[in-house]
Structure formats: C-alpha cells, structure tokens
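Everything below concerns the one structure shown next.
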Amino acid sequence: MRLREIDTGGWVRLLGLGLLSAGLWTLLAVKDFALAPVVVVLVAAAVLVVLVAAVVTSWAVAGGYRQQRRLEAWVRGSDLPAEVPVPVRIRYLRRVTERGAWVGWVSLAAGLLNAVGGVATVFEGEDPWSSVFSFVAAVSFTGIGVSTLVFARRSMPRARRLLAEDEREQADTWFERHDAEPR
C-alpha cells in the first residue's frame, strides 16, 4: 500500500483519530500527572504516530486503502470491485458480518456510561477536566455506536448475501479446478 492512495477523507479520519487520542492523552497527563511539558508533548506525538501507523498497517494488511474503500462501497450497494480477488472479498465480508450490530450496542453503552460519569462529575463540582474527558469519550463512543448500527441496519443483509454468493463462487471454482486434475 502506498500513502498516496489515501484520499482526503481518509487523511482527515486518520489524523482526526490520532489527534483526538493525542489530545485525550494530553488532557489525562496534565490532569493526573506532574510531567514536564516536553514529556507531555513527546508522548502525545508518540501516541499520534503509533495510532496512525497502526491504522495504516491495518489498511495495508487488508489490501490497501483503495481496496478497503471499494469493498465498503460494494457492501453499501455499488458495483462489484472486479480487481479484488474472491478470497479477499470473503475475508472482508466475514469480518463485517461477524462484527454485527453488537459492537454498536456496546459502544452506545460505553458512551452512555461516560456521559453519566461526566454529568456526575459536573454536579459534584469536581475537576472540570474529568467531565471534559468523560464527555469527549462519550461522544466518541456514541459516534462509533451510531455509525456501526446504521451500517448494520442498512448494509448487513446485503453483506450476508454477498458473503454467501462469494463462498458459493469460491467453492464452485475449487471443484472445477479439482475436477480438471487427472486422477
């Protein structure tokens, strides 16, 4: 995978996730630890770099950013990505269908718990940084949960159908290859 294949939306998501995590680390470090500003900045930069590298690596393992985006669009209803081999499509579809809606519900529950913790911190009049940290985490978890549930509601039936079709196609291809071999 080449970094040039990541479009503007991908870079925004990638850097947004990294900056949010680095910002949360900074908030946590300033609030709970007596660290020198240089250490806080260095660790926040390290968090940003490690998170961005982890996401780019996961895209590379999945076949690249463009391939990942084509597969996502295919599951949402666009045309079959012909350049993506059947085993890669099956691996992607299995991952999508196994994840299911439960991830969305767990994320919403985590968002609710963080929101309740933030509200309790505000009413108790404690450290305002704790409530900010809780509300940022609540918004993040809620966003993940809502997007997962919307995807599951709209695209999960199609993803299951596409997985069944691709598994049949792969099985047919396997039998055709083995029937053609001399015995």
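The values are calculated or read from the model by the stated rules, or taken from the named source; none is laboratory data. Values in this document were obtained by computation on a predicted structure and should not be read as measured data. Here the Cβ positions follow ideal geometry from the backbone for every residue, glycine too, while neighbour counts run over all protein chains shown. Note: accessible area is taken over every heavy atom of the protein model, side chains too, but ligands, DNA and RNA are not part of it. Shrake-Rupley method; radii C 1.70, N 1.55, O 1.52, S 1.80 Å.
A few comments on the model shown:
- Residues of the range 74-92 satisfying the condition of being of a type in the set (A, V, I, L, M, F, W, C), open to solvent by less than 40 Å² (accessible area, probe 1.4 Å) and without any contact (Cβ under 8 Å) to a residue 60 or more places away in the chain: Val84, Val88
- The condition of being exposed (fewer than 13 other Cβ atoms within 10 Å of the Cβ), of a type outside the set (D, E, K, R) and within 23 Å of the chain's Cα centre (by Cα) holds for only one of Val12, Val38, Val47, that being Val12.
- Within the range 47-59, residues that are over 22 Å from Leu27 (Cα atoms) have Cβ atoms under 6 Å from residues that are of a type in the set (Ser, Thr, Tyr) and part of a helix (DSSP H, G or I) in these pairs: Trp59/Tyr65, counting only partners at least 6 apart in sequence or on another chain.
- For the range 101-116, a residue qualifies if it is of a type outside the set (S, T, N, Q) and buried (at least 17 other Cβ atoms within 10 Å of the Cβ), and the qualifying residues are Gly104, Leu108, Ala110, Gly111, Ala115.
- Tally of residues being more than 17 Å from Leu20 (Cα to Cα), more than 20 Å from the chain's Cα centre (by Cα) and surrounded by fewer than 18 Cβ atoms within 10 Å (Cβ to Cβ) across the range 117-150: 10
- Scan of the range 93-127 for residues that are in contact (Cβ under 8 Å) with a residue 40 or more places away in the chain and farther than 21 Å from Arg154 by Cβ, ordered by number: Asp127
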